[in-house]
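Student: Quick one: structure below, then a few questions.
The values are calculated or read from the model by the stated rules, or taken from the named source; none is laboratory data. Note that the structure is predicted; figures quoted are calculated from it, not measured. All Cβ positions, glycine included, derive from the backbone under ideal geometry; neighbour counts span all protein chains shown. All accessible areas refer to the heavy atoms of the entire protein, side chains included, with ligands and DNA or RNA removed. Shrake-Rupley method; radii C 1.70, N 1.55, O 1.52, S 1.80 Å.
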Amino acid sequence: MGVFRRILALGKRSALSSENERELREHIQMRIDANVANGMSRERATREARLRFGNPVVMKERVEAEDAALGLDSLFRDARYALRGFAKSPGFTAVAILTLALGIGANTAVFQLLDAVRLRSLPIATPQELAELRIAGGNHGLGVNDGPYSQFTIPMWQEVQRNHEPFSGVFGWRSTDMLVGKLSEAKRIHGLEVTGEFFSILGVAPFQGRLLEPQDGTGCEPSRVVVSYPYWKSQMGGQPITPSSTMMLDGKSLQVLGVTPPSFFGLVVGDRFDVAVPRCIPPNPRREVFTLNVMGRLKPGWNLDRASAYFGALSTGIFENTAPSDYRADAIKLYKSFRLAAYPAGSGVSSLRETYDRSLQMLLAITGLVLLIACANLANLMLARASTRRREMAIRIALGASRTRLLSQLLIESALLAFSGAVCGVALSQPLSQLLVNSLNTSQSSIQLTIATDWRVLLFAAAVAMLTAVVFGTFPALRGTKADPVTALKSGARGVVGNRERFSVQRLMVVAQIAVSMVLLVGALLFVRSYRNLVTLNPGMRESGITVAYIGFPEAKIEPGNVAAFKRQLIADVRAVPGVENAASTTNTPLSGVTWSHEFRVGDNQGNSRFTYTSPTYFATMSIPLLTGRAFADADTNSAPLVLLVNQAFIRKYLGNTPPIGQRVHVMPEPQYPERTYQIVGTIPDTKYNSLRAEMEPIAFVPAAQMPATADGPWAALMIASSTGPTAIAGVRLAIEAKYPNAVLQFFDFQQGIRDNLVGDRMMAMLSGFFGILAALLVVVGLYGVLSFFIAHRRNEIGIRIALGARRGQVIGLVMRDTGTMLLVGVVLGTLLALFAGRTASSMLFGLKAYDLDTLIFAMVLLAAIALTASWLPALKASRLDPVDALRSE
């Protein structure tokens with residue numbers, strides 16, 4: 001019989017044994033028949049055949065030994081025995097598997113998200129060859145960044161396009177929002193502006209039609225567009241692409257060339273594009289606007305270091321040829337000192353990595369601690385189970401079983417539990433991963449990530465399960481096989497369980513659970529309190545009842561000198577809507593993460609300050625009081641003296657004790673912003689600018705009507721204060737659409753926008769709180785289980801105590817003293833660990849220190865309450881023990 005056949009028959013041992021006997025008889029009979037055919041008598045032929053094959057029983061044992069040599073027979077028997085044992089202990093099995101499933105599932109969920117954000121390669125041909133070009137160290141805030149991934153100006157891109165020896169091809173791209181449909185009814189979608197080589201270099205093949213090619217990008221009036229597969233299915237009904245397929249994009253009708261494949265989401269991990277259009281390369285591009293991300297595919301024989309050295313050598317010439325001319329000399333000198341370098345791009349780019357990488361790593365550490373508690377619970381359960389089976393093990397050893405054989409069986413039981421927990425954990429990880437992704441969504445955007453259970457995720461779960469089985473299953477197995485047959489069989493139940501030393505390891509496990517839970521509770525409280533500090537922080541301005549409106553007039557023909565008057569009339573139209581309390585324009589929406597700065601000189605001090613251009617009604621709209629001097633007026637135009645309002649941080653940093661009113665601020669030149677001198681006419685309190693977390697920064701406000709005509713345009717960002725909320729904003733929309741039918745409108749709640757910028761803090765508060773509660777529940781399960789087991793094994797002792805007159809309170813105190821000792825040691829160790837771990841999380845907290853005393857005390861009290869509550873029921877049950885029943889059982 002072949003090896004493969006024996007493996008298949010392992011589940012039918014008796015049938016396999018009968019099959020072996022039958023085959024042996026057939027071979028003997030065949031030999032007898034052959035001997036008879038050769039002239040032997042039947043009796044002699046039979047004797048010769050039996051001598052040849054030997055004893056049938058021995059032969060049968062030799063065949064079965066081959067199965068045992070494979071190591072499969074005993075493995076199968078042990079697994080089947082373990083499953084029968086689990087079926088007889090459903091409570092133990094359910095708790096063990098559920099505990100592990102929660103621990104492994106949580107870890108796998110966070111790993112899946114990390115895998116999607118950091119590890120997974122782009123769905124393109126040979127992604128390891130893709131490289132990104134960047135300025136090493138960044139551009140130090142010089143110029144204008146026209147997008148989150150913009151690293152190159154158009155002139156820089158043109159220089160690289162002419163000199164890219166390390167690359168077989170290079171391309172540029174930019175993410176941007178676009179408007180689809182008629183302007184009055186347009187919807188905002190995500191778009192890509194790409195150079196003609198984009199799709200061919202990436203190796204992306206069309207799903208339908210064709211994709212953009214170099215000849216499609218001539219001129220700055222795009223006539224062709226490519227759509228993504230999700231957009232084609234959801235918005236175009238999946239209709240076949242034909243030469244007559246068109247769509248209205250940014251007010252222009254474009255021919256739809258084709259559809260990208262379903263797997264291609266672009267180059268930004270966590271986002272998807274809807275359409276891709278050729279990137280406009282104007283004949284005289286602005287030199288200070290960083291608008292492109294540049295990538296290329298490395299040629300064979302080139303690596304990142306060699307490519308970086310090549311572009312580093314070219315950098316002097318590239319930045320000399322592309323330097324902007326409207327900056328001061330030191331800024332131009334800084335620009336010319338930049339150096340290009342190549343970086344890996346096979347996994348795309350992502351703001352998620354920069355924003356949430358630390359948070360996800362922290363979450364993985366938190367879920368790792370949860371798994372540690374779950375494993376300690378499993379070890380406790382296995383130790384308890386091993387203690388109840390000491391008599392069984394002793395009998396088996398007395399009957400000849402080796403300790404190695406018993407150890408193997410117990411380890412297989414641990415492995416089966418770990419495997420079952422891993423399977424359930426992987427199934428649980430998918431919804432948990434989706435919950436993590438959803439927790440990163442905001443009211444304005446949603447994270448687009450494909451959470452897939454691929455080989456990396458399965459390998460991670462398998463590794464965690466294997467580690468759990470080996471580390472936390474070995475000690476209970478070793479302990480369970482150390483039973484002395486004579487002692488165990490002689491002592492009976494009392495002797496087996498009467499030694500308190502056997503519970504020391506279980507106590508140690510509970511102490512470890514309490515210590516780790518203390519770390520998790522402290523972390524949860526810190527993150528929750530940090531988030532609360534951010535949510536309740538006063539930014540120095542009004543938050544509620546404010547709506548932000550972005551309004552564009554793409555078809556308006558407004559002369560540069562008339563833009564200020566046009567916006568002033570727009571504000572008046574909005575303020576006239578019923579329910580609107582006030583309205584103002586601004587060039588910077590507060591707390592939106594957008595910044596704008598100018599270099600300036602005031603007196604002998606030179607520095608940098610945030611600058612915002614606002615209408616005179618801005619401070620009243622945002623409830624920012626005027627402290628000294630005067631506010632802006634409608635008369636503050638470009639034909640009047642130039643004026644400024646500054647905050648207290650500006651005064652502290654640049655003016656000190658000098659009275660601010662009347663001081664002159666000389667602003668350095670930048671492209672579109674000429675050199676100017678302003679006079680400070682008023683002061684305001686400090687307010688937050690781009691982030692709640694940032695310290696109060698120097699801020700200067702300039703009248704909107706004094707914005708340089710070269711920098712202004714037919715667009716407006718309005719802050720609208722209203723008393724009736726959505727009703728007033730609906731009236732604003734109707735009023736603007738009636739007067740400006742082609743206007744592009746977008747509204748969102750200012751306070752909600754602030755909350756959206758706290759999504760990372762919200763995620764950490766929510767998830768750390770959840771895992772802290774889960775850890776506390778696992779402590780309850782572990783402590784309750786150990787004490788219940790402990791009391792059951794001290795049943796005789798407790799019965800004697802009660803029979804001798806011990807009161808109920810004394811029995812409860814006996815049990816609670818055990819809890820108190822474990823709690824005290826666990827809390828002390830946990831506090832030390834929390835203080836040590838807190839240093840890692842300190843940079844993620846706001847308004848708190850990692851060693852915050854109130855948090856530590858509250859966590860101690862909370863954990864003590866949880867532990868004592870979990871101990872009370874077993875203690876109460878012990879105090880009600882009937883001594884007659886307890887002693888009769890002996």
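Student: With the condition kept exactly as written, say whether any residue in region 177-194 is open to solvent by 20 Å² or more (accessible area, probe 1.4 Å) and closer than 13 Å to Met295 by Cβ.
Tutor: Within region 177-194 (the criterion being open to solvent by 20 Å² or more (accessible area, probe 1.4 Å) and closer than 13 Å to Met295 by Cβ), the answer is no, since none of the residues qualifies.
Student: If I ask for residues that are within 13 Å of Ser691 (Cα to Cα) and among the aliphatic types (A, V, I, L, M), which ones from region 753-767 would you list?
Tutor: Within region 753-767, Ile754, Leu758, Val759 meet the criteria.
Student: So which strands (runs of 3 or more DSSP E) are wholly in region 582-674 and hold at least 3 residues that are within 25 Å of Ala565 (Cα to Cα)?
Tutor: Here the list reads 605-614, 643-647.
Student: Here is a follow-up. Tell me, yes or no, whether region 294-315 has at least one residue that is open to solvent by less than 30 Å² (accessible area, probe 1.4 Å), in contact with a Phe, Trp or Tyr (Cβ under 9 Å, 6 or more places away or on another chain) and part of a loop (DSSP other than H, G, I, E, B).
Tutor: no
Student: Return the only residue of Val505, Val519, Val510, Val535 being at pLDDT below 85 and within 32 Å of the chain's Cα centre (by Cα). Give the steps one after another, and end with the answer.
Tutor: Numbers: Val505 fails: within 32 Å of the chain's Cα centre (by Cα); Val519 fails: at pLDDT below 85; Val535 fails: at pLDDT below 85.
From the options Val505, Val519, Val510, Val535, the qualifying one is Val510.
Student: Six or more apart or on different chains, Cβ atoms under 9 Å: show the pairs whose first residue is in region 584-595 and touching a residue at least 12 places away in the same chain (Cβ under 8 Å) and whose second is open to solvent by 40 Å² or more (accessible area, probe 1.4 Å) and among the aliphatic types (A, V, I, L, M).
Tutor: Ala584/Ala620; Asn588/Val594
Student: What are the pairs, 6+ residues apart or on separate chains, where a residue within region 82-95 that is hydroxyl-bearing (Ser, Thr, Tyr) has its Cβ under 8 Å from a residue that is part of a helix (DSSP H, G or I) and open to solvent by 50 Å² or more (accessible area, probe 1.4 Å)?
Tutor: Within 8 Å, the pairs are Thr93/Ala87.
Student: Now, a different point. Take Val563 and decide whether it is within 30 Å of the chain's Cα centre (by Cα) and open to solvent by less than 20 Å² (accessible area, probe 1.4 Å).
Tutor: Considered against the rule, which asks whether it is within 30 Å of the chain's Cα centre (by Cα) and open to solvent by less than 20 Å² (accessible area, probe 1.4 Å), Val563 comes out as no.
Student: Could you list, in sequence order, all residues of region 605-625 that are closer than 21 Å to Pro674 by Cα and out of contact with any helix residue (DSSP H, G or I) (no Cβ under 7 Å at 6 or more places or on another chain)?
Tutor: Passing the criteria: Gln606, Asn608, Arg610, Phe611, Thr612.
Student: Sticking with this one: If I ask for residues that are crowded, with 20+ Cβ neighbours inside 10 Å and under 16 Å from Val786 (Cα atoms), which ones from region 808-817 would you list?
Tutor: Of everything in region 808-817, just one residue is crowded, with 20+ Cβ neighbours inside 10 Å and under 16 Å from Val786 (Cα atoms), namely Val815.
Student: Give all pairs with beta carbons closer than 7 Å in which a residue from region 650-677 that is within 27 Å of Asn145 (Cα to Cα) and open to solvent by 30 Å² or more (accessible area, probe 1.4 Å) meets a residue that is among the β-branched types (Val, Ile, Thr) and part of a loop (DSSP other than H, G, I, E, B); count only pairs at least 6 apart in sequence or on separate chains.
Tutor: Going by the 7 Å Cβ cut-off, the qualifying pairs are Gln672/Thr710.
Student: If you don't mind, there's one more thing I want to ask. I'd like to check something: does region 378-385 contain any residue that is polar (S, T, N, Q) and under 33 Å from the mean Cα position of the chain (by Cα)? Before you say what the answer is, go through the steps one by one.
Tutor: First pass over region 378-385, keeping only residues polar (S, T, N, Q): 380.
With the extra rule that they be under 33 Å from the mean Cα position of the chain (by Cα), the set shrinks to 380.
The answer is yes, given that some residue of region 378-385 is polar (S, T, N, Q) and under 33 Å from the mean Cα position of the chain (by Cα).
Student: Within region 626-646, can one find any residue that is open to solvent by less than 20 Å² (accessible area, probe 1.4 Å) and either farther than 30 Å from Val574 by Cβ or touching a Lys or Arg at 6+ places or on another chain (Cβ under 8 Å) (or both)?
Tutor: Start the filter on region 626-646 by keeping residues that are open to solvent by less than 20 Å² (accessible area, probe 1.4 Å), which leaves 632, 636, 643-646.
Narrowing further to those that are either farther than 30 Å from Val574 by Cβ or touching a Lys or Arg at 6+ places or on another chain (Cβ under 8 Å) (or both): none.
Looking for residues that are open to solvent by less than 20 Å² (accessible area, probe 1.4 Å) and either farther than 30 Å from Val574 by Cβ or touching a Lys or Arg at 6+ places or on another chain (Cβ under 8 Å) (or both), one finds none in region 626-646, hence no.
Student: What pairs can you find where one residue is in region 563-582 and at pLDDT 90 or above, the other is basic (Lys, Arg) and open to solvent by 50 Å² or more (accessible area, probe 1.4 Å), and their Cβ atoms are less than 7 Å apart, with a gap of 6+ or different chains?
Tutor: Short answer, once both residue conditions are applied: Asp573/Lys739; Asn582/Arg575.
Student: Could you run through region 123-181 and say how many residues are closer than 24 Å to Pro554 by Cα and either among the aliphatic types (A, V, I, L, M) or assigned to a strand (DSSP E or B) (or both)?
Tutor: So the answer is 11.
Every residue, every condition in (1) within 25 Å of Arg839 (Cβ to Cβ); (2) modelled with pLDDT of 85 or more; (3) open to solvent by less than 40 Å² (accessible area, probe 1.4 Å), yes or no:
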site	(1), (2), (3)
Asp852	yes, yes, yes
Leu856	yes, yes, yes
Ala859	yes, yes, yes
Leu863	yes, yes, yes
Thr869	no, no, no
Pro874	no, no, yes
Ala878	no, no, yes
Asp882	no, no, no
Arg888	no, no, no
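Student: Starting from residues that are touching a Lys or Arg at 6+ places or on another chain (Cβ under 9 Å) and buried (at least 21 other Cβ atoms within 10 Å of the Cβ), keep the ones in region 113-149 and report whichever is nearest to Leu436 (Cα to Cα).
Tutor: Out of the qualifying residues, it is Val117.
Student: Would you check if Ser234 is within 23 Å of Ser200 (Cβ to Cβ), among the hydroxyl-bearing types (Ser, Thr, Tyr), modelled with pLDDT under 95 and not in a strand (DSSP E or B)?
Tutor: The answer is no for Ser234.
Student: Could you check region 325-346 and list, in sequence order, the residues that are assigned to a strand (DSSP E or B) and either open to solvent by less than 80 Å² (accessible area, probe 1.4 Å) or within 13 Å of Gly143 (Cβ to Cβ) (or both)?
Tutor: If the condition is that a residue be assigned to a strand (DSSP E or B) and either open to solvent by less than 80 Å² (accessible area, probe 1.4 Å) or within 13 Å of Gly143 (Cβ to Cβ) (or both), then Leu340, Ala341, Ala342, Tyr343 are the ones that fit.
Student: Could you check region 569-581 and list, in sequence order, the residues that are in contact with a helix residue (DSSP H, G or I) (Cβ under 7 Å, 6 or more places away or on another chain) and either within 21 Å of Gln706 (Cα to Cα) or not in a strand (DSSP E or B) (or both)?
Tutor: Asp573, Val574, Val577, Pro578, Gly579
Matching residues to (1) within 22 Å of Pro123 (Cβ to Cβ); (2) buried (at least 17 other Cβ atoms within 10 Å of the Cβ); (3) modelled with pLDDT of 75 or more:
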site: Cys424; (1), (2), (3): no, yes, yes
site: Leu428; (1), (2), (3): no, yes, yes
site: Ser443; (1), (2), (3): no, no, no
site: Asp454; (1), (2), (3): yes, no, no
site: Leu459; (1), (2), (3): yes, no, yes
site: Ala477; (1), (2), (3): no, yes, no
site: Lys482; (1), (2), (3): no, no, no
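Student: Look at region 580-601 and say how many of its residues are over 38 Å from the mean Cα position of the chain (by Cα) and under 17 Å from Pro674 (Cα atoms).
Tutor: 2
Student: If I ask for residues that are polar (S, T, N, Q) and in contact with a Ser or Thr (Cβ under 6 Å, 6 or more places away or on another chain), which ones from region 553-588 would you list?
Tutor: Once the filter is applied, which keeps residues that are polar (S, T, N, Q) and in contact with a Ser or Thr (Cβ under 6 Å, 6 or more places away or on another chain), region 553-588 yields Asn582, Ser585, Thr586, Thr587, Asn588.
Student: Which condition breaks for Gln409 when tested against (1) open to solvent by 50 Å² or more (accessible area, probe 1.4 Å); (2) in a helix (DSSP H, G or I)?
Tutor: That leaves (1) as the condition not met.
Student: List the pairs whose first member sits in region 825-851 and is closer than 22 Å to Leu364 by Cβ and outside any loop (DSSP other than H, G, I, E, B), whose second member is open to solvent by 30 Å² or more (accessible area, probe 1.4 Å) and not basic (Lys, Arg), and whose Cβ atoms are under 6 Å apart, counting only residues at least 6 apart or on separate chains?
Tutor: Leu835/Tyr851
Student: Right, something else. Quick check: anything in region 537-554 in a helix (DSSP H, G or I), open to solvent by 30 Å² or more (accessible area, probe 1.4 Å), of a type outside the set (A, V, I, L, M, F, W, C) and free of Cβ contacts under 8 Å to residues at least 40 places away in the same chain?
Tutor: no
Student: In this structure, does Gly368 turn out to be touching a residue at least 40 places away in the same chain (Cβ under 8 Å) and under 18 Å from the mean Cα position of the chain (by Cα)?
Tutor: The answer is yes for Gly368.
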